[in-house]
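Right, one structure below, let's go through it.
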Amino acid sequence: MVRVRFAPSPTGALHIGGARTALYNWLFARHHHGKFILRIEDTDRERSTIESNQAIFQGLEWLGLDWDEGPNVGGCFGPYYQTERLDIHQKHAERLVKEGKAYYCFCTAEELKQKRAAAEARKEAPRYDGHCRKLTEAEIKEKLASGTPKVVRFLLPPVGEAVVEDQIRGKVVFKNEVLDDFVILKSDGFPTYNFACVMDDHLMEITHVIRGDDHLSNTPRQILLYEAFGWPPPIFAHIPMILGKDKARLSKRHGATSVIDYSTIGYLPEAMLNYIAKLGWGHKDQEIFSRAELIELFSLEGVNKSAAVFDLDKLNWLNGQYIRQILPERLFDLCEPLLIQAYGTHDLAYMKKVVGVLHDRLVLIPDIVPLSAYFFKDDFEYDAKGVEKHFKTPHAKKILETLMDRLSKLAPFNKEQIEPVFKGLATELNVKLGIIIHPCRLALSGHLETPPMYDVVEILGKERVGQRLVKALAFI
């Protein structure tokens, strides 16, 4: 069975890159009817926080990425927090020491700093020189007995190579000479990332490791550990990074990077999911995918080898498309608290009409507030260009006076009655319908663009329409 994992470090919120990694793992598992595991790699005690942990859960849940095993769910391969697996990591580190594949290192931080400086002075790559590899058994026993702080280092084979058969990049070869005897267990008893990752992936029976290509440089060390234990490595797939439009790596300077930030800004989770899926993967020329289509079509073969570029304009377009597809009831539930916060409590039926008429004009959910302002506020200004174009014409005053008179006599006051008034006046004056609509639109909203005019007139109602036409005539 396919078993994949998403293993974030709880040192911050779930960002776009992490969300994409989670999504690709989730899609791969669902496509192959496998398992998606969430593992929290919280061994960075200084930076890991409960708040970040909860933010990761919140981001995944908002996107609808449910996990089959992990925190709050359980499973047969737990614990799913790395800090609860320390005894497992320590036991396996000691196993390597006993087998002569790892050794204790007693070098101090200051000594290591001096070694690095000396290597740099020689214009060499800073690599551990293997000093403690040469300690005698008696020296080791003496230092252990005296409680000298130690780490455990992996004994790197001096020659050879680690070969990564990557599902996206193809074959990648790393020479052992460019590596060094890396630390697998720190002096505080906590494992390093590479060691804990190998332990947990093997013991949790992970079949595929799908992650960002910033981890590619870690992979040779992990493969060497798999070989030392005699374990078959999982299948690796390293996803190219995400860049901003300036081709620099995506960061906070490019805008919000936390998934929850996008939720707050007003993006729909299904639009965000669709967009993240397209950041490095695609199927023909298709742009919009349902969740079911993503599961059906996703494959590692479809993942691009080159970096993806985060395009906010494209995300906005996609979000607008999804807003047009959602049910009016759901849209109103999203918009109602924003309208109440901005304009206070109004008649529920009236607010629903306002949201309904603006449904196809929203890009982000909060757009409802500025777009609907004239439905709730009477003290707006007229667009300056509109005044020149539509109020200062020979017909403007007569048009507004005639509309005011004829609309005031309508009963019932609905689109079916309103439309003939506009069209009849256009026929009488022998002008195009726009000549009648444009000055009225400006008078009722202050804007050059609104939803269909007859809808606006009906929603505002006879009394408010009359008041606004009076105000416009006084302005003209």
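Within region 370-385, if we keep just the residues that are outside any loop (DSSP other than H, G, I, E, B) and of a type in the set (A, V, I, L, M, F, W, C), the residue that is least open to solvent (accessible area, probe 1.4 Å) turns out to be Phe375. Find the residue count for region 401-424, including only residues that are over 50 Å from the mean Cα position of the chain (by Cα), in a loop (DSSP other than H, G, I, E, B) and surrounded by 14 or more Cβ atoms within 10 Å (Cβ to Cβ). Going through region 401-424 one residue at a time, the tally reaches 1.
Pairing each residue of region 377-392 that is under 17 Å from Cys440 (Cβ atoms) with any residue that is in a helix (DSSP H, G or I) and not small (Gly, Ala, Ser), provided the two are 6+ apart or on different chains, yields C-beta distances under 6 Å for Phe380/Tyr374; Tyr382/Leu442; Gly386/Leu442; His390/His438; His390/Pro439; His390/Leu442.
Residues in region 8-54 that are open to solvent by 20 Å² or more (accessible area, probe 1.4 Å), under 16 Å from the mean Cα position of the chain (by Cα) and hydrophobic (A, V, I, L, M, F, W, C): Ala13 alone. Within region 249-289, being among the polar types (S, T, N, Q) and without any contact (Cβ under 8 Å) to a residue 60 or more places away in the chain holds for Ser251, Thr264, Asn274, Gln286. Checking each residue in region 298-345 for being farther than 30 Å from His31 by Cα and modelled with pLDDT under 95 picks out only Thr345.
Residues are listed down the side, and each one gets a yes or a no for (1) within 30 Å of Tyr24 (Cβ to Cβ); (2) among the acidic types (Asp, Glu):
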residue: Phe57; (1), (2): yes, no
residue: Gly74; (1), (2): yes, no
residue: Lys101; (1), (2): no, no
residue: Cys105; (1), (2): no, no
residue: Gln114; (1), (2): no, no
residue: Glu142; (1), (2): no, yes
residue: Arg153; (1), (2): no, no
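Kindly establish whether Ile88 is surrounded by fewer than 16 Cβ atoms within 10 Å (Cβ to Cβ), hydrophobic (A, V, I, L, M, F, W, C) and either closer than 30 Å to Tyr267 by Cα or in contact (Cβ under 8 Å) with a residue 12 or more places away in the chain (or both). No, not satisfied. Taking region 234-342 as the region of interest, the helices (runs of 4 or more DSSP H) fully inside it that hold 2 or more residues being surrounded by fewer than 20 Cβ atoms within 10 Å (Cβ to Cβ) and of a type in the set (Val, Ile, Thr) are 259-265.
The values are calculated or read from the model by the stated rules, or taken from the named source; none is laboratory data. Just so we're clear, the structure is a prediction, and the values are computed from it rather than from any experiment. Positions of Cβ are generated from backbone atoms using ideal geometry, with glycine treated the same way; all protein chains shown enter the neighbour counts. These area figures cover heavy atoms from the full protein model, side chains too; ligands, DNA and RNA do not enter into them. Shrake-Rupley method; radii C 1.70, N 1.55, O 1.52, S 1.80 Å.
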